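Accompanying notes for the structure given below.
The values are calculated or read from the model by the stated rules, or taken from the named source; none is laboratory data. Keep in mind it's a predicted model, so treat the numbers as computed, not measured. Positions of Cβ are backbone-derived with ideal geometry, glycine not excepted, and every protein chain shown enters the neighbour counts.
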Amino acid sequence: MNDDVKSKYLKAGSIAAKVRDQAVEMLKPGTLLLEVAEFVETEIVKLGGKPAFPVNLAIDSIAAHYTPHSEDTLRFNPGELVKLDLGVHVDGYIADTAVTVEIATNKWADLIRAASDSLDMVLDSITPGIQVRTLGSIIERTIHSRGFEPVSNLTGHSLERFNLHAGVSIPNIDDESIADLKPGMAVAIEPFATNGAGRVAGRKSGNIYKQLRVKETNDSELDALVKEIHDEFHFMPFPERWVAKRVEKSEKMLKRLLRHGILATYPILSEIKGGMVSQSEHTIIITSEGSIVTTR
Ligand code: MN
Ligand code: MN
C-alpha cells in the first residue's frame, strides 16, 4: 500500500470515527432515525469524505440493512438496542465502523460488551499472516464466555477501492477457512453477539439498493438515472433517500430499475429466533509490523 492510498484510508477512518461519536450523542428517545441518518451523511461530506453506504440503524433483533426512507417517521424509544453502522470513502478508500447503544436504559450492557470486547481482543491479536479462522475463534470464544452466541452467518470483510466486500471474509466463528491477512490489506472486523440462535435471515426487502449492471432501458429518463447512479455510487450501496433528492417519483423509478434487473435490494437481516443483537466494528490496515485501526 503506497503512502497516498494509506493517507486516504486514514482520512476516511478519522472522519468515520468523528461522525460516529457525534451521532451516538443523538441516539435519544424521540429522535427521528431519519434525522440521525441525515446528520451522519451531511457531516461526512462536510469533513471531506463521501458516504460509502447509507447509514444503517438496526434496532433490537434487526442486525443490519435498515436505513430510513426519505419520508420515514420512526423515532427511537427507551430500551431499544441500536446498531449504528456507517461508512466513509475518500476517493474510493473505505472506512466502515459500527457501535451499539441502548436508548436510555442499561439492560443490554453485557450483550453490547460481548461484541465490543471480542473486537478489542481480535485487534490486540492481529499479526501479519494470521489466519482469519483464528480471529473468528477469538470472537466465538469471547462471546460464548459471556453467555451469548456469535452471529455465524455475518462476517467482516476485506476492503478494496470502491469495493466494500472484497474477496476475504473475517468470520465470527472458527469457520476452518484457510484465508490469512497480508500486509497491505484493509479489512473491516465486525463481531455480532445475540441472545438468540446466532443466525440472521432476510425476511423483507429494505430501502437499500445496489446497482448490478449498466444496461439501456429504451427510456431516456431511466437511462439518465442509471448513469447518474453509476457515476455517483460506483456500484456501492445507496438508499432510496439519495435518489429522492435527485429525481421526482424516486420510488417508482427504482421499482422499474429493479424489474429491468439493473438494481437489486438488500434484505433487512433479522435474528432468526428474534434474539437481541449487538455489533461492534472497526476498519484496520494490515502492515508488516501489525495493524493500524483507522476508525478509533
Ligand atoms: Mn459496517
Ligand atoms: Mn462491514
*asked:* Based on this model, can you work out whether Glu149 counts as surrounded by 19 or more Cβ atoms within 10 Å (Cβ to Cβ), without any contact (Cβ under 8 Å) to a residue 60 or more places away in the chain and among the acidic types (Asp, Glu)?
replied: no
*Filter result (more than 16 Å from ligand 1 (Cβ to nearest atom) and either surrounded by fewer than 20 Cβ atoms within 10 Å (Cβ to Cβ) or farther than 23 Å from Ala16 by Cβ (or both)) within the range 163-183*: Gly167, Ile173, Asp174, Asp175, Glu176, Ser177, Ile178, Ala179, Asp180, Lys182, Pro183
*Within the range 6-15, identify whether any single residue is in contact (Cβ under 8 Å) with a residue 40 or more places away in the chain, within 14 Å of ligand 1 (Cβ to nearest atom), basic (Lys, Arg) and not in a loop (DSSP other than H, G, I, E, B), and answer yes or no.*
no
*In the list Ala201, Ala193, Ala186, Ala197, which residue meets the criterion of being touching a residue at least 60 places away in the same chain (Cβ under 8 Å), within 21 Å of Ala17 (Cα to Cα) and either of a type outside the set (Val, Ile, Thr) or within 16 Å of ligand 1 (Cβ to nearest atom) (or both)?*
Ala186
_Please pick out the residue among Val226, Val277, Val293 that is touching a Ser or Thr at 6+ places or on another chain (Cβ under 9 Å) and within 30 Å of Gly79 (Cα to Cα)._
Val277
*Determine whether Ser278 is under 22 Å from Ile138 (Cα atoms), touching a strand residue (DSSP E or B) at 6+ places or on another chain (Cβ under 9 Å) and in a strand (DSSP E or B).*
yes
*Only one residue in Gly87, Gly79, Gly30, Gly49 is without any contact (Cβ under 8 Å) to a residue 60 or more places away in the chain, within 16 Å of ligand 1 (Cβ to nearest atom) and either at positive phi or crowded, with 19+ Cβ neighbours inside 10 Å (or both). Which one?*
Gly49
*From Lys227, Lys210, Lys215, which residue is within 16 Å of ligand 2 (Cβ to nearest atom) and not assigned by TED's automatic domain parsing to the domain that holds Ile284?*
Lys210
*Would a scan of the range 272-279 turn up a residue that is on the phi < 0 side of the Ramachandran plot, more than 20 Å from the chain's Cα centre (by Cα) and more than 16 Å from ligand 1 (Cβ to nearest atom)?*
yes
*asked:* Can you say whether Asp117 is farther than 30 Å from Glu35 by Cβ, surrounded by fewer than 23 Cβ atoms within 10 Å (Cβ to Cβ), away from ligand 1 (no atom under 16 Å from the Cβ) and of a type in the set (Asp, Glu), as far as the supplied structure shows?
replied: yes
*Scanning for something assigned to a loop (DSSP other than H, G, I, E, B) and hydroxyl-bearing (Ser, Thr, Tyr), does the range 163-179 turn up at least one residue?*
yes
*Say whether the condition of being of a type in the set (Gly, Ala, Ser), in contact with a helix residue (DSSP H, G or I) (Cβ under 8 Å, 6 or more places away or on another chain) and surrounded by fewer than 21 Cβ atoms within 10 Å (Cβ to Cβ) is met by at least one residue in the range 101-114.*
no
